[in-house]
Amino acid sequence: MKMMTLISRPAFAATGFAIVVALSLSASAPAVAQNHPAPGPAPQGVPVPKILVIDRQALLRASKVGQDIARQVQGMTKAAEAELRGEGEGLRREEQALQQQIAILAPDVKAQKVHAFQAKQAAFQQKVQDKQNQIKYGVMLAQRQVEQAAGPIVQGIMQERGANLLVDRQAIVIGAPGLDVTAVAIQRLDQKLPSVKVQLVSPPAELLQRMQPAQQ
């Protein structure tokens with residue numbers, strides 16, 4: 001029998017962050033060609049790409065609201081660890097005592113004790129998993145609020161600069177200076193949404209089912 005480790009600290013950077021940007025164009029944005037000669041005049045009716053670059057990871061990592069979310073998650077994780085530590089240590093002591101008794105117990109008694117302990121262990125593991133899911137879903141909801149605030153900000157920057165295409169910095173190998181608007185987006189996001197409350201919320205059943213494979 002093996003006890004599980006107490007609740008692990010969720011890697012905040014791995015939660016991911018996506019900005020939904022609605023381009024203010026009636027036509028679809030053209031794909032960016034790679035390893036091709038410079039294009040000639042655009043066909044009639046097709047807009048010429050005017051590109052801006054943004055670092056989506058940095059927008060959350062360096063913004064006030066992103067740092068505020070990270071601090072809250074750290075506090076929630078420490079609180080969960082403290083809450084569950086006593087029960088986890090109690091189970092470890094019970095496991096050690098049971099292992100010492102197994103050799104001298106009658107088979108039927110041994111089976112009963114092992115089954116009872118495994119039930120306690122499974123209940124504890126589920127409690128740990130529930131707490132982790134609450135933290136993850138709380139972060140997801142908080143990030144959704146950030147996305148709702150950041151989307152219009154980025155869209156406004158694109159309109160100001162006459163851009164019709166926004167590219168993630170992570171997809172750029174080499175880029176001309178002046179295209180990256182991450183700093184100004186962070187500045188405006190700091191003014192609009194400096195903080196957001198991360199709530200401990202149990203995810204809905206359908207989302208919980210999708211989360212399970214990633215946790216196994």
Fill in the blank from the handout: Picked from the range 163-176 (must be assigned to a loop (DSSP other than H, G, I, E, B) and surrounded by fewer than 18 Cβ atoms within 10 Å (Cβ to Cβ)), the residue modelled with the highest pLDDT is 172
Problem - Options 141, 179: the member that is surrounded by fewer than 19 Cβ atoms within 10 Å (Cβ to Cβ), of a type outside the set (Asp, Glu), closer than 22 Å to residue 70 by Cα and in contact (Cβ under 8 Å) with a residue 40 or more places away in the chain - result: 141
Exercise for the section: Only one of these is exposed (fewer than 13 other Cβ atoms within 10 Å of the Cβ) and either within 24 Å of residue 53 (Cα to Cα) or not hydroxyl-bearing (Ser, Thr, Tyr) (or both): 147, 160. Name it. Expected result: 160
Handout entry: Any pair with Cβ under 6 angstrom, 6 or more apart, that starts in the range 51-70 at a residue that is more than 18 Å from residue 198 (Cα to Cα) and touching a residue at least 40 places away in the same chain (Cβ under 8 Å) and ends at one that is among the basic types (Lys, Arg) and assigned to a helix (DSSP H, G or I)
Key = 53/169; 55/169
Practice task
Report, ordered by the first and then the second residue, all pairs with beta carbons closer than 8 Å, sequence separation of six or more or different chains, a first member in the range 154-172 that is closer than 11 Å to residue 185 by Cβ and of a type in the set (A, V, I, L, M, F, W, C), and a second member that is in a helix (DSSP H, G or I) and modelled with pLDDT of 90 or more.
Solution key: 154/185; 157/184; 157/185; 157/188; 166/154; 166/158
Problem - Criterion violated by residue 207 - all others in (1) modelled with pLDDT under 90; (2) more than 26 Å from the chain's Cα centre (by Cα); (3) closer than 30 Å to residue 74 by Cβ satisfied - result: (2)
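The values are calculated or read from the model by the stated rules, or taken from the named source; none is laboratory data. Values in this document were obtained by computation on a predicted structure and should not be read as measured data. As a convention, Cβ positions derive from the backbone with ideal geometry for all residues, glycine included, and neighbour counts pool all protein chains shown.
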